Amino acid sequence: MTDRTARYTASGLRTSLLSVPGAVGAEAVGLRPIGEVMGCVVEHAGVDDPASTLRRGYATALDRLRAEARALGADGVLGIRCTVTRATRTLREFVVLGTAVRATGGKRAGQVFTTSLSGPDVAKLLPAGWVPVTLAIGVDGGTVSDIAMPKRPARELVAPTELVTRVRAAARAEFLEAVRASGADGGLVSATTLSAWALGPTGAAAVAGVFGTAIARCHDGPAPRDARAVVPLDRRA
């Protein structure tokens, strides 16, 4: 147990990052908020391979968030938000925050689930026969060089366009692979990101990310109302 979690447990305080509707929605499906949890790490930013820095940073921060949740006796973590802050030119701080919840019913999950979904979204998901499994992340990055770029001031830059398209597609593929590796049946995409920058007058770099939740089918139920669309893993769907 971390020092932060030990102090939190000893104090007897119960905090939450969920909104009032979020907390009520979680309670409605038997998930009681028991405390906010965090995972963080500071990483050296890889100049040649920034995507690897992102993968490593997110993975480490999420592992530490899960460790805090387990220390509190949680069954899952809702409303997870991931942020990356540039501490210096070469250092990045990765922080993931969420609200740990405990099942109030007799049946409890064997492992801590993680999701970016809010309380109301989970309240719609569970009665429809789906359960969150894990937060899934896909990232990719790359660089390109085209000596002709400065000569096309008012036209589409083909090489950077192809780079952005390629890293977006690769990030989505990595997200789907993370969902598949978790044993889930589908994924809900909650956010996509893209950062692109120039590398001198003839080069460009780009990093893309796809964030969401792997979900598994647990029973047949009515379709959730006003919920996000499911990205199925079955290619025939």
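Here is how the numbers come out for the structure above:
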item	result
Sequence-distant residues sharing a close amide H with Asp185 (under 5 Å, placed H)	Ile215, Ala216, Arg217
At q = 0.12, 0.20, 0.21 Å⁻¹, base-10 log of I(q)/I(0) for region 14-70 (Debye sum, equal scatterers on each alpha carbon)	-0.44, -0.77, -0.80
Whole-number percent relative contact order across region 64-144, with pairs defined as alpha carbons under 8 Å at least 6 apart	30
List Trp130, Trp197, ordered by accessible area with a 1.4 Å probe, largest first	Trp197, Trp130
For region 124-194, accessible area per residue (1.4 Å probe, heavy atoms of protein chains only), Å²	52
Phi to ³J(HN,Hα) by Karplus 6.51 cos²θ - 1.76 cosθ + 1.60 over region 157-172, Hz, x for Gly, Pro	8, 4, 4, x, 4, 5, 4, 4, 4, 5, 6, 4, 5, 5, 5, 5
Long-range amide H partners of Gly76 with built H, under 5 Å	Val101, Phe113
Phi-based couplings in Hz for region 27-37 (Karplus 6.51, -1.76, 1.60; Gly and Pro marked x)	4, 5, 10, x, 10, 8, x, 10, x, 7, 10
Two-site FRET efficiency, Thr15 against Glu93, from Cβ-Cβ distance with R₀ of 30 Å, rounded to 0.05	0.90
Extension gain (nm, one decimal) between Trp197 and Arg32, 0.36 nm per residue minus Cα-Cα	55.0 nm
Estimated vicinal HN-Hα couplings, Hz - region 188-196 in sequence order (Karplus 6.51, -1.76, 1.60; Gly, Pro = x)	10, 7, 9, 7, 10, 10, 8, 10, 9
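The values are calculated or read from the model by the stated rules, or taken from the named source; none is laboratory data. Bear in mind that the values here come from a model prediction, so they are computed numbers and not experimental data. Quick reminder, even Gly has a Cβ in these numbers, built from the backbone with ideal geometry, and neighbours come from all protein chains shown. Note: accessible area is taken over every heavy atom of the protein model, side chains too, but ligands, DNA and RNA are not part of it. Shrake-Rupley method; radii C 1.70, N 1.55, O 1.52, S 1.80 Å.
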